[in-house]
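Here's the structure we're looking at; comments come further down.
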Number of protein chains: 2
Amino acid sequence: MDLVNHQFRLAARPVGLPKPSDWQYTEEPVPEPGDGEVLVKVRLISLDPAMRGWMNDTRSYIPPVGVGEVMRALAAGEVLASNHPDFAEGDFVTGLFGVQEYAVVHGGAVMKVDTSLAPLPVYLSTLGMTGMTAYFGLLDVGRPVAGETVVVSGAAGAVGGVVGQLAKLKDCRVVGIAGGAEKCRYVVEELGFDAAIDYKAGDVAAGLREHCPKGIDIYFDNVGGEILDAALARLARHARVVICGAISQYNATGAVPGPSNYLSLLINHASMTGFVISDYPDRYAEGLREMVEWFVAGKLSSCEDIAAGLENFPDTLLRLFSGENTGKLVLEVA
Amino acid sequence: MDLVNHQFRLAARPVGLPKPSDWQYTEEPVPEPGDGEVLVKVRLISLDPAMRGWMNDTRSYIPPVGVGEVMRALAAGEVLASNHPDFAEGDFVTGLFGVQEYAVVHGGAVMKVDTSLAPLPVYLSTLGMTGMTAYFGLLDVGRPVAGETVVVSGAAGAVGGVVGQLAKLKDCRVVGIAGGAEKCRYVVEELGFDAAIDYKAGDVAAGLREHCPKGIDIYFDNVGGEILDAALARLARHARVVICGAISQYNATGAVPGPSNYLSLLINHASMTGFVISDYPDRYAEGLREMVEWFVAGKLSSCEDIAAGLENFPDTLLRLFSGENTGKLVLEVA
């Protein structure tokens with residue numbers, strides 16, 4: 001094999017939104033896989049808000065990406081060569097393959113996926129970390145009960161869209177918050193939410209009063225900032241706020257403004273709980289089985305917003321933060 | 001009976017710290033108790049940070065005190081006359097008697113206390129709402145496990161001092177945060193905390209690093225503001241933050257600054273939960289029995305800071321917010 005690998009490496013730690021100069025586009029030969037390793041041809045790269053956090057030199061749930069390292073990314077691809085007994089050439093797999101065309105990784109860090117059950121992009125979306133984040137965040141942290149009101153921010157985004165569908169499966173009333181009329185139409189008409197509030201059109205607090213007359217039982221937050229504050233002000237007794245992300249804050253250059261209305265937790269005997277999907281290693285397989293069943297039965301849909309070309313990675317990543325994507329943003333490696 | 005009652009009524013809703021003109025000192029004849037009612041001679045008035053919240057015209061867990069109404073307050077006193085079968089003249093009782101010398105209240109809202117087990121002030125303190133707030137907040141919301149690290153703010157205050165003692169009873173490592181060297185000495189030497197951090201002396205974050213080398217498992221917050229933020233930055237995995245109060249913010253005239261470090265909940269799979277003692281009507285009696293047992297067995301101490309004279313109510317209340325009291329602040333009605 002004389003394969004050439006192209007990669008995006010972190011050139012500098014961004015201040016605010018990542019700039020072109022924060023990236024280095026590199027080329028190197030693809031190494032041979034060693035003992036226990038597999039060589040993967042990367043087909044699809046998952047673009048996730050969490051990637052912005054990985055670029056900062058701060059203590060978090062995983063170490064930051066080092067300057068000079070290939071940018072960390074979840075991805076899906078095809079096994080070209082395997083020195084690991086669980087994988088064979090032609091297998092479709094997912095893993096942390098990075099923003100590059102080829103990855104050599106240990107088989108223990110690779111998951112095989114069945115493309116007869118769902119197309120490959122779905123394994124980065126509803127049946128990937130994205131969907132499983134929605135699954136554990138809503139079901140384990142949020143603990144929905146039939147008849148409760150669930151509000152989801154970033155509702156037209158990758159995680160939010162799955163959260164809303166799962167909440168409907170649990171017979172909840174589901175209200176999405178999204179930016180723009182088209183996204184609001186999408187979450188109601190295509191994902192089956194009961195209502196949507198367009199935060200770009202105005203008053204989120206008024207929308208929450210209208211659509212959550214009995215208050216919010218579960219607020220699943222992907223965005224932080226003012227929308228989190230508006231939701232806190234509308235909590236029902238014993239509400240659960242699930243902190244999944246805070247995309248409005250990831251490029252902040254100053255201190256993140258905290259939620260002023262947090263004392264609503266006190267008067268409502270409510271909780272605000274954070275989590276990341278890596279908290280659930282022992283239950284991931286069990287959860288995925290249930291998600292696959294729902295998907296195959298047509299109870300869950302999956303929507304991917306697929307951009308093309310590894311070279312477009314820097315600009316495509318920025319679409320997450322400008323709110324341009326609907327559904328799961330994926331980069332197809334040409 | 002020709003008794004005269006003196007009262008403090010809310011004259012105006014305060015902006016910031018209550019001013020003298022926010023109060024009206026009134027005098028009126030004591031009414032006769034009606035059917036089912038008891039007449040109580042108020043001996044001791046409980047001064048609580050929550051009273052400041054009751055003075056605001058905002059939605060909360062109980063309605064605000066109306067302008068012109070007698071200021072709401074927990075208090076302890078002696079029954080002078082009873083038209084309720086559960087009470088007789090000479091009984092010692094507690095209830096929401098208000099800031100006044102005499103109260104006529106329905107017997108259903110009055111609790112009899114046994115002064116052979118503990119002196120009357122203790123029933124506003126360790127064996128009153130204060131102690132029970134510590135009890136349910138720490139044990140039910142915080143759920144301490146032996147060996148965990150518990151941090152308490154307002155540690156020399158009424159609730160904080162009980163929280164720390166209860167956490168020691170549960171074999172936790174207990175670190176208090178208090179203002180001033182004397183308060184820090186008090187919580188360590190008299191209440192048995194393992195360590196104390198003087199927030200007036202400087203860097204709370206450094207103190208938390210020193211005294212919580214494995215992070216904070218439970219943070220019991222009475223103060224809010226910067227101290228809450230410092231604690232959030234030091235959470236251990238699966239930490240529980242108990243929001244009991246935010247005394248640093250109760251007199252704020254602008255928006256309460258939210259805790260900037262709330263995303264620490266996300267990376268640590270941690271929760272922040274609020275509560276008020278009125279959330280526990282069904283379990284109050286059971287909890288009080290256990291607290292009385294601990295108190296009688298000498299496992300819990302109670303400390304009251306007793307000021308004298310109903311006429312000093314406005315100034316005495318302000319001592320809560322300037323951090324002058326150690327232990328439970330009580331006003332003795334002359």
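Would you check if B:Leu44 is under 22 Å from B:Gly245 (Cβ atoms) and part of a strand (DSSP E or B)?
Yes: the conditions hold for B:Leu44.
Could you tell me which of the residues A:Leu80, A:Leu138, A:Leu96 is farther than 30 Å from A:Leu169 by Cβ and either at pLDDT 95 or above or touching a strand residue (DSSP E or B) at 6+ places or on another chain (Cβ under 6 Å) (or both)?
Answer to the check: A:Leu80.
Limited to the range B:209-232, what total is found for residues that are of a type in the set (D, E, K, R) and within 13 Å of chain A (Cβ to nearest Cβ)?
Residues of the range B:209-232 of a type in the set (D, E, K, R): B:209-210, B:214, B:217, B:221, B:226, B:229.
Applying the additional criterion that residues be within 13 Å of chain A (Cβ to nearest Cβ) yields B:209, B:221, B:226, B:229.
Qualifying residue count, the range B:209-232: 4.
Only residues that are in a helix (DSSP H, G or I), under 16 Å from B:Asp114 (Cβ atoms) and not basic (Lys, Arg): list them for the range B:288-320, please.
Selection gives B:Leu288, B:Glu290, B:Met291, B:Val292, B:Glu293, B:Trp294, B:Phe295, B:Val296.
Determine which single condition B:Thr94 fails, assuming it passes every other condition in (1) of a type in the set (Ser, Thr, Tyr); (2) part of a strand (DSSP E or B); (3) surrounded by fewer than 19 Cβ atoms within 10 Å (Cβ to Cβ).
Condition (3) is where B:Thr94 drops out.
Given the residues A:Pro49, A:Pro33, which is the only one that is buried (at least 20 other Cβ atoms within 10 Å of the Cβ) and within 14 Å of another protein chain (Cβ to nearest Cβ)?
Details: A:Pro33 fails: within 14 Å of another protein chain (Cβ to nearest Cβ).
Among A:Pro49, A:Pro33, only A:Pro49 is buried (at least 20 other Cβ atoms within 10 Å of the Cβ) and within 14 Å of another protein chain (Cβ to nearest Cβ).
Identify the single condition in (1) touching a Leu at 6+ places or on another chain (Cβ under 8 Å); (2) of a type outside the set (S, T, N, Q); (3) modelled with pLDDT of 95 or more that A:Val276 does not satisfy, given that it satisfies every other one.
(3)
Before we move on, is A:Glu89 modelled with pLDDT of 95 or more, surrounded by fewer than 20 Cβ atoms within 10 Å (Cβ to Cβ), assigned to a loop (DSSP other than H, G, I, E, B) and not hydrophobic (A, V, I, L, M, F, W, C)?
Here the answer is yes, as A:Glu89 does meet what is asked.
Which of (1) without any contact (Cβ under 8 Å) to a residue 60 or more places away in the chain; (2) crowded, with 17+ Cβ neighbours inside 10 Å; (3) outside any loop (DSSP other than H, G, I, E, B) is the odd one out, the single condition B:Arg72 does not satisfy?
Failed condition: (3).
So B:Ile62 clears everything in (1) closer than 15 Å to B:Pro33 by Cα; (2) loosely packed, with under 15 Cβ neighbours inside 10 Å except one condition, right? Which one?
(1)
Do you know which of the residues in the range B:268-282 that are in a loop (DSSP other than H, G, I, E, B) and more than 9 Å from chain A (Cβ to nearest Cβ) is nearest to the chain's Cα centre (by Cα)? It would help to see each step written out before you state the result.
Taking the range B:268-282 as the starting set, the residues that turn out to be in a loop (DSSP other than H, G, I, E, B) are B:268-270, B:275-276, B:280-282.
Subset that is more than 9 Å from chain A (Cβ to nearest Cβ): B:280-282.
On the way: B:Tyr280: 15, B:Pro281: 17, B:Asp282: 20 Å.
Only one residue fits best here, namely B:Tyr280.
Just checking, how many residues over the range B:243-267 are over 25 Å from A:Ser248 (Cα atoms) and either more than 10 Å from every other protein chain (Cβ to nearest Cβ) or in a loop (DSSP other than H, G, I, E, B) (or both)?
The total comes to 9.
So if I check each of B:Gly202, B:Gly154, B:Gly142, B:Gly192, which one is in the same structural domain as B:Ile247 (by TED's automatic domain parsing) and at negative phi?
Result of the check over B:Gly202, B:Gly154, B:Gly142, B:Gly192: B:Gly142.
For the range B:147-235, which fully contained strands (runs of 3 or more DSSP E) count at least 1 residues that are surrounded by fewer than 24 Cβ atoms within 10 Å (Cβ to Cβ)?
Correct list: B:173-178, B:195-198.
Kindly evaluate A:Asp22 against the criterion of being acidic (Asp, Glu), at pLDDT below 95 and under 26 Å from the mean Cα position of the chain (by Cα).
Judged against the criteria, A:Asp22 is not a match.
Quick test for you: out of A:Val292, A:Val330, pick the one residue that is surrounded by 13 or more Cβ atoms within 10 Å (Cβ to Cβ), away from chain B (no Cβ under 14 Å), touching a strand residue (DSSP E or B) at 6+ places or on another chain (Cβ under 6 Å) and aliphatic (A, V, I, L, M).
A:Val330
Six or more apart or on different chains, Cβ atoms under 7 Å: show the pairs whose first residue is in the range B:308-334 and among the aromatic types (Phe, Trp, Tyr) and whose second is surrounded by 15 or more Cβ atoms within 10 Å (Cβ to Cβ) and modelled with pLDDT of 95 or more.
Final answer for the pair search is B:Phe313/B:Phe8; B:Phe313/B:Val99; B:Phe313/B:Leu331.
The values are calculated or read from the model by the stated rules, or taken from the named source; none is laboratory data. Values in this document were obtained by computation on a predicted structure and should not be read as measured data. Using ideal geometry, Cβ is built from the backbone for each residue, glycine included, and neighbour counts are taken over all protein chains shown.
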